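Written below as C-alpha cells is the structure these notes are about.
The values are calculated or read from the model by the stated rules, or taken from the named source; none is laboratory data. Keep in mind that this is a model prediction, so the values were computed, not measured. Note: ideal-geometry Cβ built from the backbone for every residue, glycine included; neighbour counts use all protein chains shown.
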Amino acid sequence: MPRIFTVAEITQAVANILESEFPFVWVRGQVTNIGRPGSGHLYFSLKDQDASLAVVWFKSSQQTAMGSGDERINPLTGEVMEGAGMTLQEGMEILVAGRLNVYAPRGTYQLVAELVQEQGVGALHLAFEALKKKLAGMGYFDISRKREMPRNPRRVAVVTSPQGAAVRDFVKIAQARGLGGEIRIYPALVQGDTAPASIVAAMDLALADDWAQVLVLIRGGGSIEDLWAFNTEPVAVAIFSSTLPVLCGVGHEVDTTIADLVADQRAATPTHAAQVLWSERETLAQGLDEAELRLRKGANRFIDIFDTRLAQQEKGLQWLNPKVRLERLRERLETASNALNLAGGQWVDAKTRALHQQTERLKMIFGPEFWQLHDVRVDTLAGQLREKTGQFLEQTKTGLDILGARLLALDPYAPLQRGYSLVSKEDGSFVRDAKDMHPGERMHILLAKGRITARAEEIEEDQGCTDHALP
C-alpha cells in the first residue's frame, strides 16, 4: 500500500531535497515586485523572459550591499569597501547569491539572498519607465476612459502574426466557447524594428473596415526585447485613439507592456484574451437553464398572484351582489328577531319569578296575624291619642285663660275704665312724676272716654304718692 503523506510531510520532504541539491547558488535576473515591509526585510522577484523566482533578502544580510555609513564589507573577500551602498530598484539587473528553501505556509520555494551585486539598469527598462511616466501624465492610463468589453461578441478583429502560436491558441479557445461568431485576422509584425508601424497599420485597417465589435492585440511570450513593439509610443497612441474597445493579450502573466496599460482591458495571455471575450458554453447553458427556471418560477408566481387577486375580486363581487346582500340582511334580521324574542321572554320570565318571590315574601311578612296584631295596636294607639288629645286641649284652654287674664291686667287702658287717666307731654311721652312737667307746659290727659288738653300752672310734688307701673 503506498504511503500517504500529510501536507507538512510532503512539503518538508521537498524542502530537504531542494536544500541539499542547491545549498548555494548564483542567480541572475531583473528585479520586479519589490516589497519593503516595516521589518526591514526585502521581498522581490527575479525575472527573465521565461520564468520568475521569489527572493527574500533579510535585513541582517543587507549590510554587505547597503552598509551603514560609508563602509561596506565584501563577504567573499572580507575587504572593506568605500562609498554609498546599493539601492534596489525595479528593473535592475542583479546577481544574487544564496540558498534555496521552501516556504511551508504557502508551499512555494524561494531564494534566500546572502549577497546581491548590481549589474546595472537596462536601457530598455529606463525607456519603458520614461514612456510610462509620459503617457500617465497625458491621461492614457486613466480608468475613467476605459470601456467595457462586449460579452460573447459576434465579430472580432485580431491584430497579430498569423504564423504565431498565439493566434492558434486564441482561435482554439474561441471555437470551444461562446455562441459562435466570426474572427478576422489582420496580419502584423509583432517583433522587430518595423513591428510598431505594422501593428498601427493593421489596427487602422481594422477600424476602417467598420465591421468588428472589439479589437484584440495578441502575441506570445518573450523577453523584454521581443515584446518591445508593444512598449512604443505609436502603438500606445493607436490604442488610445481607437474607436473600438481594445483588449490586449501580450506575453505571459508576469509581462506588463505599455499596450496593456493603455488598452481598455488587459488579458494575461492570448488564451486568456479569448476567455475574457467568450464565456464557457457549459456556463452559458447553465445560465440558460437558470434563466428558464427563473422564468418558470416567475410565471408561476405571476399566475398565482393573479389567481389570488381574481379570487379576491370574485369574492368581493359576490359580497356586493344585491341579492346576496338582501339575503344577508334577512338572515341578520331573523337572527336579531330571534335574539329579541328570546331576550324578551327571558326578561318577562325573570320579572315574573321576581314578582312571585316578592309576593311570597310579602305574604310571609304581612299575613293575617300581622294585620290582626296591627289592628290591636292601632286601636290602642287611637284610644291613647284621644285621651292625650283631651288632656292637651284642657291644659291648653286653662293656659289660655291665665294668659288672657294676664293680658287684661297688663292693658294700659284698662284702669281708665275705673276713673284713672293717662297724662302725656307734647312729645308723646307719659308723665310719671310731677317733676317731669314745668309750669306753663301743655299736657294731654287721656280718659276712658275723650281727651283733655291742659296747661300746668303750678307743680306740687307729693312724696307720699304711690307709683303706678305704666307700660
| query | Picking from Gly139, Gly178, Gly164, which residue would you name as being exposed (fewer than 15 other Cβ atoms within 10 Å of the Cβ) and among the small types (Gly, Ala, Ser)? | reply | Gly139
| said: Report every pair of residues separated by at least 6 positions or lying on different chains whose Cβ atoms are under 8 Å apart, first residue within region 51-70 and among the polar types (S, T, N, Q), second at pLDDT below 90 and not in a strand (DSSP E or B). | reply: Ser52/Val254; Gln62/Gly40; Thr64/Asn74; Thr64/Pro75
| request: Among the numbered conditions (1) at negative phi; (2) in contact with a strand residue (DSSP E or B) (Cβ under 8 Å, 6 or more places away or on another chain); (3) modelled with pLDDT of 80 or more, tell me where Leu470 comes up short. | output: (3)
| Just for region 4-27: of the residues that are under 12 Å from Arg99 (Cα atoms) and among the small types (Gly, Ala, Ser), which one is modelled with the lowest pLDDT? | Ser20
| task | Considering only region 435-448, state which residues are at pLDDT 85 or above, within 18 Å of Pro412 (Cα to Cα) and assigned to a loop (DSSP other than H, G, I, E, B). | result | Leu447
| said: What are the pairs with Cβ atoms under 7 angstrom where one residue, in region 171-184, is modelled with pLDDT under 85 and the other, located anywhere, is of a type in the set (Phe, Trp, Tyr)? Sequence gap at least six, or different chains. | reply: Gly178/Trp278
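Under the condition of being of a type outside the set (Ser, Thr, Tyr), in contact with a strand residue (DSSP E or B) (Cβ under 9 Å, 6 or more places away or on another chain) and surrounded by 15 or more Cβ atoms within 10 Å (Cβ to Cβ), which residue from region 182-200 is farthest from Val276 (Cα to Cα)?
Narrowing region 182-200 to residues of a type outside the set (Ser, Thr, Tyr): 182-185, 187-193, 195-197, 199-200.
Those left that are additionally in contact with a strand residue (DSSP E or B) (Cβ under 9 Å, 6 or more places away or on another chain): 182-185, 187-188, 190-191, 199.
Those left that are additionally surrounded by 15 or more Cβ atoms within 10 Å (Cβ to Cβ): 183, 185, 187-188, 190-191, 199.
Working: Ile183: 15, Ile185: 18, Pro187: 22, Ala188: 22, Val190: 22, Gln191: 25, Ile199: 22 Å.
Result: Gln191.
Of Gly344, Gly367, Gly399, which residue is within 60 Å of the chain's Cα centre (by Cα) and free of Cβ contacts under 8 Å to residues at least 60 places away in the same chain?
Working: Gly367 fails: within 60 Å of the chain's Cα centre (by Cα); Gly399 fails: within 60 Å of the chain's Cα centre (by Cα).
Checking each option against the conditions leaves just Gly344.
Taking the condition assigned by TED's automatic domain parsing to the domain that holds Pro234 and assigned to a helix (DSSP H, G or I), does Thr271 pass? Before you say what the answer is, go through the steps one by one.
On the way: assigned by TED's automatic domain parsing to the domain that holds Pro234: yes; assigned to a helix (DSSP H, G or I): yes.
Answer is yes for this residue.
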| task | Name the residue, out of Ala236, Ala259, Ala206, that is touching a residue at least 60 places away in the same chain (Cβ under 8 Å), in contact with a Phe, Trp or Tyr (Cβ under 9 Å, 6 or more places away or on another chain) and assigned to a helix (DSSP H, G or I). | result | Ala236
| request: State whether the residues of region 19-27 include one that is surrounded by 15 or more Cβ atoms within 10 Å (Cβ to Cβ), under 54 Å from the mean Cα position of the chain (by Cα) and either not β-branched (Val, Ile, Thr) or not in a loop (DSSP other than H, G, I, E, B) (or both). | output: no
| request: For Arg361, state whether it is modelled with pLDDT under 85 and surrounded by 10 or more Cβ atoms within 10 Å (Cβ to Cβ). | output: yes
